[in-house]
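Novice: Sending over a structure as structure tokens; questions will come in a sec.
The values are calculated or read from the model by the stated rules, or taken from the named source; none is laboratory data. Computed from a predicted structure; not experimentally measured. Reconstructed Cβ throughout: ideal geometry from the backbone, glycine too, with neighbour counts over all protein chains shown.
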Amino acid sequence: MRESVFEIGIGLRGIAVDEETKAIHITEFAQSGNPSLKALAKLFKISAKVANAKGSADKAEKKKGFKLKAKKFSAYALPNSIQVLYDFEDDTSDLLDSRMDVLRDVLDRQFAGIETSAFELNTKKQPVNRSYEASGFSNPKDAYEMMRVFDDLIVREGLDEVPIKFPGLDKTRKINFQVTPGRPEFEPDDRDLYWERYEIIGGLNKDRSILVVSESGKGEKKIVLTAEQFAFFCDRCFSFRAYELYNFTVTQIKPKLFKLLDVKSASAQTGFDI
């Protein structure tokens, strides 16, 4: 028999017992020491990112004028399941019902995409990128990240699959993996990329490259050059004593590495003979 020996007058932040359901109500996941709750925090973040992504067919903001926010997700922890909630704040009943339908539909489409990607990953011998693209997400890398979350939950909780049901929708999504989702293979963008108003902040002799950053100071990038191009920049452009901005035309050769095609002065729009 257990007996209470003392009491500390603090509550657990982000956790409360809901009086009606007698479930533990969890509102803060990322700060939890529980790995599965941290995985759910990541799942909510990815779901919001996918729903709000540029070019997303399910963009909730376009449909009903609201933007999904990961911090508005919470959950009731029950003995055999977790009920995911979303805070619609002070919406009127008509607007709430409408937005609830949209949110459920958006999330169902996301998980249907993951279900399809998981099936392809399990059954087809093809590059993993093709399996992630089957999700229909505007960025297949988001599908990979979401699939990793589900795979982590399956392994950690000792499950065969993760079933997902939506109140009001007569369907169940079942996500399972026979193989661990592998990291997407790099596929370079074969389009010419144009960067406006970038400053040269460094040069590396070892691999004949320059480091550039946008006028705002963000987005550092690395560009590899031919021997002639590198000599040109060392002789005529690269100087810590002068501040000048350039417009670069490049092509991608690795995830964070680019090849120089053309460069112009941003102020004069003058081309250089490189």
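Novice: Any residue in segment 226-242 that's farther than 22 Å from V213 by Cβ: show its pairings with residues that are modelled with pLDDT of 80 or more and not acidic (D, E) at Cβ separation under 7 Å, as long as the two are six or more apart or on different chains.
Specialist: A227/R208
Novice: For segment 180-195, state whether one or more residues are in contact (Cβ under 8 Å) with a residue 60 or more places away in the chain and part of a strand (DSSP E or B). Step through it out loud before you land on a result.
Specialist: From segment 180-195, those in contact (Cβ under 8 Å) with a residue 60 or more places away in the chain are 181, 186, 188-193; that's our starting set.
Then drop every residue that is not part of a strand (DSSP E or B), which leaves 193.
Taking every residue of segment 180-195 in turn, at least one turns out to be in contact (Cβ under 8 Å) with a residue 60 or more places away in the chain and part of a strand (DSSP E or B).
Novice: Restricted to segment 228-252, and to residues that are acidic (D, E) and at pLDDT below 85, which residue is surrounded by the most Cβ atoms within 10 Å (Cβ to Cβ)?
Specialist: Residues of segment 228-252 acidic (D, E): 228, 235, 244.
So of that shortlist, the ones also at pLDDT below 85 come out as 235, 244.
Working: D235: 8, E244: 13.
Ranking the qualifying residues of segment 228-252, first place goes to E244.
Novice: Continuing with this model, one more query. Quick one: what pairs do we get from segment 248-268, first residue within 10 Å of D192 (Cβ to Cβ), second part of a strand (DSSP E or B) and of a type in the set (D, E, K, R), C-beta under 7 Å, 6+ apart or different chains?
Specialist: T249/D262; V250/K259; T251/K259
Novice: Next up: Among the residues of segment 125-170, which ones are assigned to a strand (DSSP E or B), over 26 Å from A30 (Cβ atoms) and in contact with an Asp or Glu (Cβ under 7 Å, 6 or more places away or on another chain)?
Specialist: So in segment 125-170, the residues assigned to a strand (DSSP E or B) come out as 162-166, 169-170.
Retained after the next criterion (residues that are over 26 Å from A30 (Cβ atoms)): 169-170.
Across segment 125-170, the qualifying residue is only L169.
Novice: Now for a different question. What tally of residues in segment 170-227 results from selecting those that are buried (at least 17 other Cβ atoms within 10 Å of the Cβ) and under 28 Å from L107 (Cα atoms)?
Specialist: Matching residues across segment 170-227 total 5.
Novice: Based on what the data block shows, is G113 farther than 29 Å from N34 by Cα, modelled with pLDDT of 90 or more and among the small types (G, A, S)? Before you say what the answer is, go through the steps one by one.
Specialist: On the way: farther than 29 Å from N34 by Cα: no; modelled with pLDDT of 90 or more: yes; among the small types (G, A, S): yes.
So G113 fails the test.
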